[in-house]
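Here's the structure we're looking at; comments come further down.
Throughout, read-outs are computed from the coordinates displayed, never taken from laboratory work. Please read all numbers here as calculations on a predicted model, not as lab measurements. Positions of Cβ are generated from backbone atoms using ideal geometry, with glycine treated the same way; all protein chains shown enter the neighbour counts.
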């Protein structure tokens, strides 16, 4: 019986309890439907992941090895295991998928040990690929792939998915879910859930819309509720993290989901991401329904307190609407989380000050709301990365070089040394000063230390005194240990 081995690589900085490996779970779910055997190996939770891969591929029934790739340090482990597989089984086809290679398929396929790049949604493509290889059919005819032949790069037509409903969905029994249950501010036993994929919006810094062609794939509300009811009973969970890129795109779907949750009496708390352009316009009836259904924490990409910057980012909201959103969250009892960016190539010091002032205003509305201030990262093939090139930014030219593509290693010519230090300091200070959720997740000792550092961070923030932050190195040592 033909078999596929799927590998989830680990990041350089490992989470204590990682997110569910949805990219591989969707692929494995499709393989299961076609009765193709598979193994899913998640190196983020398995200490002997490489040894497991070696043991699996010794099986002659294994016809395909696949791994997912994201921009950054995760590529180190992905490429290490690919080289290992190639050495052990030179005959085995090696396929890679994920956002990074979907954005740069022709560059990625140039790697000597990669045979196939799966572009976009991978479940149907990988299942067809495995079936063709196993039956000695011409796998090169598979749509949605890029491959090499006689020294040339061949780009097949993209796979077009007409139906908005997700393919066969995610089979949660594919992995040992007990290993992914975590304590969050949302609940003591939280589990991740994916109910949709994609995003239709044109934000200049994000690649998701490009990968999915600005389309969405959805679960229907009944299926969502059926699966959540099953998971709730099986895993005794009390919280759900919706990892959808844009959970609230279809209001009618969300409303139908809430109605079904309330009707069945399912008691769960939900964390989800929402765009400010939706939330600030929601009426009281809908907000009360969200609250009754169990939505407790809503995460917003506010991005900037500067109107001109928001326009250039194509966020489709204003600073005033950010504040309306914060006030709505406070009024109806939602725990708001607001993320912001800084270090953009065209951002002025005044723009950054407006962002900091916005964080102050939200903190005044509710001190328990979380705010995070991240340095901008020019991810490949995004509009903002291309715009950054005009400011002197040069992106890597090889797959291996993208492994080092993380903020600390990226050269941003538009940032002076002094501004670079300020961005570094602000990132850490904002995390300690305005993310109460972190303190809730830590044990007693760490929580006390976090609150102590948070007091220092807020004092520096209030005084706008970011130079000579000598305690910053100590804070970073603590942050890496959390």
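Between helix 471-481 and the chain there is an angle of about 40 degrees, using the helix long axis and the longest principal axis of the Cα atoms.
Listed values (i) 24.6; (ii) 23.9; (iii) 22.8 include one computed from this model; for Kirkwood radius over Cα pairs in Å that value carries the label (ii). Distance between the C-alpha centers of segment 47-71 and segment 240-303? Whole Å please. Rounded to whole Å, the Cα centres lie 38 Å apart.
Annotation: for a label point projected 7 angstrom from Cα along Cα→Cβ of residue 252, residues of segment 218-237 with backbone N closer than 19 Å are 218-225. Each of 356, 84, 341 was scored by other Cβ atoms within 10 Å of its Cβ. Listed from fewest to most, they are 84, 356, 341. log10 I(q)/I(0), Debye, Cα-only segment 3-155, no solvent, q = 0.13, 0.14, 0.17 Å⁻¹? Debye curve over Cα of segment 3-155, log10 I(q)/I(0) at q = 0.13, 0.14, 0.17 Å⁻¹: -0.52, -0.62, -0.94. Label sites at residue 348 and residue 17, each approximated as a point 7 angstrom past Cα along Cα to Cβ, lie 4.6 nm apart. Bridges between two residues of the chain, per DSSP, are antiparallel at a rate of about 20%. As a calculated quantity, the FRET efficiency between residue 284 and residue 91 at R0 = 45 Å, using C-beta atoms, amounts to about 0.10. Relative contact order of segment 176-302, taken over Cα pairs closer than 8 Å and 6 or more residues apart, is 25 percent.
A straight line joining the Cα centroids of segment 123-147 and segment 331-389 runs 42 Å.
Between residue 160 and residue 416, with labels modelled 7 Å along Cα→Cβ, what's the label distance in nm to one decimal, could you check? With each label point 7 Å from Cα toward Cβ, the separation is 5.3 nm. Maximal additional length on extending the residue 137-residue 451 stretch stands at 106.9 nm, based on 0.36 nm per residue less the C-alpha distance. With axes computed from alpha carbons, what is the tilt in degrees of helix 284-293 against the longest principal axis of the chain, rounded to the nearest 10 within 0 to 90? That works out to roughly 60 degrees. Using only alpha carbons, segment 322-443 has a radius of gyration to Kirkwood radius ratio (Rg to Rh) of 1.03. Straightening the chain between residue 259 and residue 106 buys 50.5 nm, computed as 0.36 nm per residue apart minus the Cα-Cα spacing.
Shown for 89, 189: other C-beta atoms within 10 Å of each C-beta, ranked fewest to most, produce the order 189, 89. Beta bridges from DSSP with both residues in segment 181-376: antiparallel share about 15 percent, rounded to the nearest 5.
Ranked by the mean number of other Cβ atoms within 10 Å of their residues, highest first, the peptides 16-29, 450-463, 145-158 come out as 16-29, 450-463, 145-158. Here the label points at residue 277 and residue 394, each 7 Å from Cα along the C-beta direction, are separated by 3.6 nm in the simple model.
Return a whole-number percent for the relative contact order of the chain, with Cα pairs under 8 Å and 6 or more residues apart as the contact set. Relative contact order here is 12 percent. Averaged over residues, the count of other Cβ atoms within 10 Å places the peptides 423-434, 290-301 in the sequence 423-434, 290-301, highest first. Taking the C-alpha atoms only, the angle from helix 417-434 to the longest principal axis of the chain is near 80 degrees. Relative contact order, whole percent, for segment 3-155 stands at 24, derived from Cα pairs under 8 Å and 6 or more residues apart.
Expressed in units of 2.2 N^0.38 Å, where N is the residue count, the Cα radius of gyration of segment 181-376 is 1.04. With both bridge residues required to lie in segment 99-249, what share of the DSSP beta bridges run antiparallel, to the nearest 5%? Around 70 percent antiparallel, to the nearest 5. Protection proxy ranking of 127-134, 219-226, by the mean of other Cβ atoms within 10 Å over each peptide's residues and highest first, is 127-134, 219-226.
Counting beta carbons within 10 Å around each of 404, 159 and listing the fewest first gives the order 404, 159.
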